[in-house]
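Asks: Take a look at the following structure, please.
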There are 2 protein chains.
Amino acid sequence: MTDAADQGWLRTVAHEVRSFDRSSTAERVAELLRARVIEGDLPPGTRLSEEQLVEVLHVSRNTLREAFRLLTHEGLLVHRLHRGVFVPELDEDDLVDLYRARRAIECGVVARLEGTDAVRLRPLHDAVAAAEDAARRGDWPAVGTANMRFHLALVALGRSRRLDETAARLFAELRLLFHTVDAPRPLHEPYVQRNRALLDLLAAGETVRAAEELDAYLYDSETQLRTVHRDSPRRNP
Amino acid sequence: MTDAADQGWLRTVAHEVRSFDRSSTAERVAELLRARVIEGDLPPGTRLSEEQLVEVLHVSRNTLREAFRLLTHEGLLVHRLHRGVFVPELDEDDLVDLYRARRAIECGVVARLEGTDAVRLRPLHDAVAAAEDAARRGDWPAVGTANMRFHLALVALGRSRRLDETAARLFAELRLLFHTVDAPRPLHEPYVQRNRALLDLLAAGETVRAAEELDAYLYDSETQLRTVHRDSPRRNP
DNA sequence: CCTAGGGAGTTGTTCAACAATCCGACAAGG
DNA sequence: CCTTGTCGGATTGTTGAACAACTCCCTAGG
């Protein structure tokens, strides 16, 4: 039985190998740019010059454009014909659209959840703990990141890879909106407690009440973000 | 100078002809391939050779690859590094994944629906009517298409562009699964009535009951598809 | 002040060549 | 017979260059 001809083993290795070589140049460039956009280094409305980036990144124009396309499909860049690619400027309509989508998905997952054992709730627990820790340190951007991780973990309870990917895309876009406001604290602080409360409800198996609380949660969050975003001073007026 | 031996001339005309409609070349190529994949002309596992398609379609490799990328994003093709693009072969895990995703989204939308006026239900009505019509004609593939349109319209009630796109992608993948079975009738016929019933519930404003019915609906559909798919003879064993 | 047009600069598209990688075949060894 | 190693053909990944097409700004003329 030293012959390791078991079943699940190969699967794991195969997956590891596959994700290891998954690094075409275009994808690596895309990852670089994605981080810059998500971190907010590039303010919305910025044009990404092909010429400039080709010079800096040492890749060909075709490859760079391939990376652009990848990010465009993810909604992290917008493509305007003959004008180039830009960091999108999301408006209130986009905000509403995004919240409708996440409300349907998140509430949909939570509402018909069967079985909330401690193991599967573990990622949620970690995310809440990270948020609380960051809040104590006063690192509000980190709180925002941890809160997003919480909601990603929430969607992950639905155990669908495709749903996870969709949620990741939505949250990436949402992050663009967060960057347009100057004061991150009131945007993230109140939701740390609420995430904790949500987690407690789930741990108690009260999925219906959790879904209701989540619904109210998202409503409050959306409303707040709308007012803040409306009043926020545009960086490039 | 009447002798048109110039170079750029033909090029220009060709370009004009190609871009007569406002879509880019890549999008038109993508549409061509999409139809082939959706219609099931290309069985799962087929590799789409760049060389071959460049020859046939008279487009550059870059353009073709852009089309590939569009379809990959839609889930209609899979891209394997250094191996090319393939029509995906979905297995039972994918089926489960897809149904988990659509269950969360569709039920999520229906459950927290506010206001079901007749105008917004119109697309649902049309889809059901089309399905019933196709059923009368015995055109079962058309019934399947109409049923999908119904569910897309259902998601559209959530009034989120991003949610619509996600649903479209999921249903496109689902269609690939339908093609692996030989007898389309029992797969689509029972659901025409159930869609009608679902629509009636929505028209009556009974969103909660509609969500429950939809949940059961999807459970039955998934179960049936799983057994059928398990028993279906592989085309390329 | 307003409009037409011209030019500079940028993106859109294609092509050909080279590098990196995969696949099947075939041979050597247990 | 089965496994392992290696080779060569075929395919994809990436690059750089070339030219077409478009946008934007600036200027001349009204």
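The values are calculated or read from the model by the stated rules, or taken from the named source; none is laboratory data. Everything numeric here is computed off the predicted structure, so don't read it as measured data. Because the Cβ atoms are built from the backbone with ideal geometry, glycine has one as well, and the counts that use them run over all protein chains shown. Note: accessible area is taken over every heavy atom of the protein model, side chains too, but ligands, DNA and RNA are not part of it. Shrake-Rupley method; radii C 1.70, N 1.55, O 1.52, S 1.80 Å.
Asks: Please state which of the following conditions A:Arg102 fails to meet, knowing it meets all the rest: (1) without any contact (Cβ under 8 Å) to a residue 40 or more places away in the chain; (2) open to solvent by 10 Å² or more (accessible area, probe 1.4 Å); (3) in a helix (DSSP H, G or I).
Replies: Every condition holds for A:Arg102 apart from (1).
Asks: Follow-up question, since we're still on this one. So, in the stretch A:59-91, how many residues would count as being hydrophobic (A, V, I, L, M, F, W, C) and either within 9 Å of chain B (Cβ to nearest Cβ) or under 13 Å from A:Glu27 (Cα atoms) (or both)?
Replies: 7
Asks: Is it the case that B:Arg69 is touching a Leu at 6+ places or on another chain (Cβ under 8 Å) and assigned by TED's automatic domain parsing to the domain that holds B:Thr223?
Replies: Taking the combined requirement at face value, the residue does not satisfy it.
Asks: While we're here: Which one of these is at pLDDT 85 or above and among the aliphatic types (A, V, I, L, M): B:Leu57, B:Leu48? Steps first, please.
Replies: On the way: B:Leu57 fails: at pLDDT 85 or above.
The conditions single out B:Leu48.
Asks: Can you confirm whether the stretch A:108-126 contains a residue that is at the interface with chain B (Cβ under 8 Å from one of its Cβ atoms), at pLDDT 95 or above and more than 13 Å from the chain's Cα centre (by Cα)?
Replies: Applying the first criterion (at the interface with chain B (Cβ under 8 Å from one of its Cβ atoms)) to the stretch A:108-126 yields A:108-109, A:111-112.
Still in the list and also at pLDDT 95 or above: A:108-109.
Narrowing the set further to residues that are more than 13 Å from the chain's Cα centre (by Cα) leaves A:108-109.
Yes, because at least one residue in the stretch A:108-126 is at the interface with chain B (Cβ under 8 Å from one of its Cβ atoms), at pLDDT 95 or above and more than 13 Å from the chain's Cα centre (by Cα).
Asks: Could you list, in sequence order, all residues of the stretch B:32-44 that are closer than 13 Å to B:Leu174 by Cα and either surrounded by 15 or more Cβ atoms within 10 Å (Cβ to Cβ) or among the basic types (Lys, Arg) (or both)?
Replies: Passing the criteria: B:Val37, B:Ile38, B:Gly40, B:Pro44.
For every residue, the table says whether it meets (1) out of contact with any strand residue (DSSP E or B) (no Cβ under 6 Å at 6 or more places or on another chain); (2) within 16 Å of DNA strand C (Cβ to nearest atom); (3) under 25 Å from B:Phe68 (Cα atoms).
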{"residue": "B:Val85", "(1), (2), (3)": "no, yes, yes"}
{"residue": "B:Asp93", "(1), (2), (3)": "yes, no, yes"}
{"residue": "B:Tyr99", "(1), (2), (3)": "yes, no, no"}
{"residue": "B:Cys107", "(1), (2), (3)": "yes, no, no"}
{"residue": "B:Arg120", "(1), (2), (3)": "yes, no, no"}
{"residue": "B:Ala129", "(1), (2), (3)": "yes, no, no"}
{"residue": "B:Glu132", "(1), (2), (3)": "yes, no, no"}
{"residue": "B:Arg136", "(1), (2), (3)": "yes, no, no"}
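Asks: Just to be sure, is B:Arg159 within 28 Å of A:Ala156 (Cβ to Cβ) and within 14 Å of chain A (Cβ to nearest Cβ)?
Replies: Considered against the rule, which asks whether it is within 28 Å of A:Ala156 (Cβ to Cβ) and within 14 Å of chain A (Cβ to nearest Cβ), B:Arg159 comes out as yes.
Asks: Can you pull out every residue in the stretch A:45-94 that is open to solvent by 30 Å² or more (accessible area, probe 1.4 Å) and assigned to a strand (DSSP E or B)?
Replies: Of everything in the stretch A:45-94, those that are open to solvent by 30 Å² or more (accessible area, probe 1.4 Å) and assigned to a strand (DSSP E or B) turn out to be A:Arg47, A:Val78, A:His79, A:Arg80.
Asks: Taking the stretch B:125-183 as the region of interest, how many residues are acidic (Asp, Glu) and open to solvent by less than 30 Å² (accessible area, probe 1.4 Å)?
Replies: The number of residues fulfilling the criteria is 1.
Asks: So which of A:Ala203, A:Ala216 ends up being open to solvent by 30 Å² or more (accessible area, probe 1.4 Å) and more than 14 Å from every other protein chain (Cβ to nearest Cβ)? Break it down into steps so the answer makes sense when it comes.
Replies: Numbers: A:Ala216 fails: more than 14 Å from every other protein chain (Cβ to nearest Cβ).
From the options A:Ala203, A:Ala216, the qualifying one is A:Ala203.
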